[in-house]
């Protein structure tokens with residue numbers, strides 16, 4: 001077996017390529033204009049879905065609690081959080097477009113950097129957003145049950161509520177990262193890192 | 001724009017096929033990757049200003065897509081190995097069926113062995129089999145020419161070994 005044998009065999013597979021292309025040729029342009037199913041687009045879609053969910057939650061909140069005594073305080077907080085968490089989706093999309101494409105190594109490195117930064121930012125964002133949503137929910141629930149907010153501020157109620165809230169937030173954050181963020185960020189980040197190390201033969 | 005893009009794909013579709021075959025073993029994955037490469041090419045077509053050769057641009061975008069492609073989760077009863085549906089060599093005048101059959105078997109075996117290599121190694125051997133020079137491979141991948149040489153020597157040895165193990169000589 002010689003090297004040129006392999007190149008000849010490889011060349012012959014061009015006939016198969018032609019045969020496949022003939023079968024899809026009429027719809028090639030339609031295929032090219034479909035939505036990407038790649039991991040980066042999945043991430044982008046996920047960020048957009050997160051923002052949309054925030055907006056949906058705000059609408060739901062507005063509809064059901066508009067006559068609540070703390071409505072404007074809560075609605076304002078939720079609106080600010082929703083707007084702040086919508087910005088990353090837009091920024092992420094811009095960063096992806098800016099990834100260098102001069103060669104494979106530069107692109108892989110670019111994607112790795114964008115994803116790693118996004119993961120770091122998502123972690124910080126969740127650390128801030130989760131407690132806010134939790135506190136808003138807690139106050140709404142407490143006052144909705146006909147109890148005054150002053151009652152919530154009594155030590156006997158406040159301390160256990162804070163402890164339970166902290167545990168719930170930690171648990172929720174852990175679950176989100178274990179099952180959701182791992183597949184969305186950490187796994188692809190590890191794969192890109194391994195690919196880059198292999199291409200550059202680093203340990 | 002649509003017409004320009006279509007003309008390019010008409011001319012270079014062979015690259016997409018060979019890359020997709022080198023990075024997948026199941027028919028569904030092959031079709032998904034082929035389409036994903038078309039999508040990525042279409043999206044980057046606007047930004048392609050002809051600063052590199054068209055073929056270099058296609059290799060770059062398609063290899064990036066293939067290297068970051070995530071295969072579908074395997075479902076027990078729905079997998080269909082691509083060998084079973086391989087796209088047949090179209091009629092060749094004066095060549096008997098047996099010869100075509102042998103050629104197809106050799107092609108399948110070559111893809112099977114390329115598929116057993118590491119993802120990054122597949123990109124380099126693929127470009128070598130496409131008869132790209134070392135400096136072109138270095139430009140597309142983004143490593144030095146000497147690095148290409150060292151890597152290729154190791155990958156070729158590994159590929160020959162795999163072909164032997166898979167019974168290349170017996171075809």
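Only one entry in B:15, B:8 is in a helix (DSSP H, G or I), in contact (Cβ under 8 Å) with a residue 12 or more places away in the chain, more than 10 Å from chain A (Cβ to nearest Cβ) and touching a helix residue (DSSP H, G or I) at 6+ places or on another chain (Cβ under 8 Å), namely B:8.
If I filter region A:37-44 for residues that are more than 11 Å from every other protein chain (Cβ to nearest Cβ) and either more than 30 Å from residue B:160 (Cα to Cα) or assigned to a helix (DSSP H, G or I) (or both), do I get at least one hit? Within region A:37-44, one or more residues are more than 11 Å from every other protein chain (Cβ to nearest Cβ) and either more than 30 Å from residue B:160 (Cα to Cα) or assigned to a helix (DSSP H, G or I) (or both). Out of A:30, A:50, which single residue is over 30 Å from residue B:132 (Cα atoms) and more than 14 Å from chain B (Cβ to nearest Cβ)? It is A:50. Every condition in (1) buried (at least 22 other Cβ atoms within 10 Å of the Cβ); (2) closer than 28 Å to residue B:105 by Cβ holds for residue B:140 except the one numbered (2). I want to confirm something. Restricting to region A:32-44 and keeping residues that are modelled with pLDDT of 90 or more and surrounded by fewer than 18 Cβ atoms within 10 Å (Cβ to Cβ), which single residue is nearest to residue B:43 (Cα to Cα)? The selected residue is A:33.
Looking only at region B:119-154, residues that are over 20 Å from residue B:62 (Cβ atoms) and not in a helix (DSSP H, G or I) come to 1 in all.
Report yes if residue B:111 is modelled with pLDDT of 95 or more, under 18 Å from the mean Cα position of the chain (by Cα) and either within 9 Å of another protein chain (Cβ to nearest Cβ) or more than 19 Å from residue A:13 (Cα to Cα) (or both), otherwise no. So residue B:111 does not fit the description; no. Taking the criterion of being loosely packed, with under 11 Cβ neighbours inside 10 Å and either closer than 30 Å to residue B:137 by Cβ or in contact with a strand residue (DSSP E or B) (Cβ under 7 Å, 6 or more places away or on another chain) (or both), the residues of region A:148-203 that qualify are A:202, A:203.
Every residue, every condition in (1) surrounded by 15 or more Cβ atoms within 10 Å (Cβ to Cβ); (2) within 14 Å of chain B (Cβ to nearest Cβ), yes or no:
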{"site": "A:102", "(1), (2)": "no, yes"}
{"site": "A:109", "(1), (2)": "yes, yes"}
{"site": "A:112", "(1), (2)": "yes, yes"}
{"site": "A:120", "(1), (2)": "no, no"}
{"site": "A:126", "(1), (2)": "yes, no"}
{"site": "A:129", "(1), (2)": "yes, no"}
{"site": "A:132", "(1), (2)": "no, no"}
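Of all the numbered requirements in (1) over 22 Å from residue B:166 (Cβ atoms); (2) at pLDDT 90 or above; (3) within 14 Å of the chain's Cα centre (by Cα), residue B:124 misses one, and that requirement is (1). Any residue that is surrounded by 12 or more Cβ atoms within 10 Å (Cβ to Cβ), closer than 21 Å to residue A:185 by Cβ, in the same structural domain as residue A:137 (by TED's automatic domain parsing) and touching a residue at least 24 places away in the same chain (Cβ under 8 Å) - is there at least one of those in region A:60-78? For region A:60-78, residues surrounded by 12 or more Cβ atoms within 10 Å (Cβ to Cβ), closer than 21 Å to residue A:185 by Cβ, in the same structural domain as residue A:137 (by TED's automatic domain parsing) and touching a residue at least 24 places away in the same chain (Cβ under 8 Å): absent.
The values are calculated or read from the model by the stated rules, or taken from the named source; none is laboratory data. Remember, it's a predicted structure, so these values are computed and weren't measured experimentally. Cβ coordinates were reconstructed from backbone atoms using ideal geometry, including for glycine residues, and neighbour counts include every protein chain displayed.
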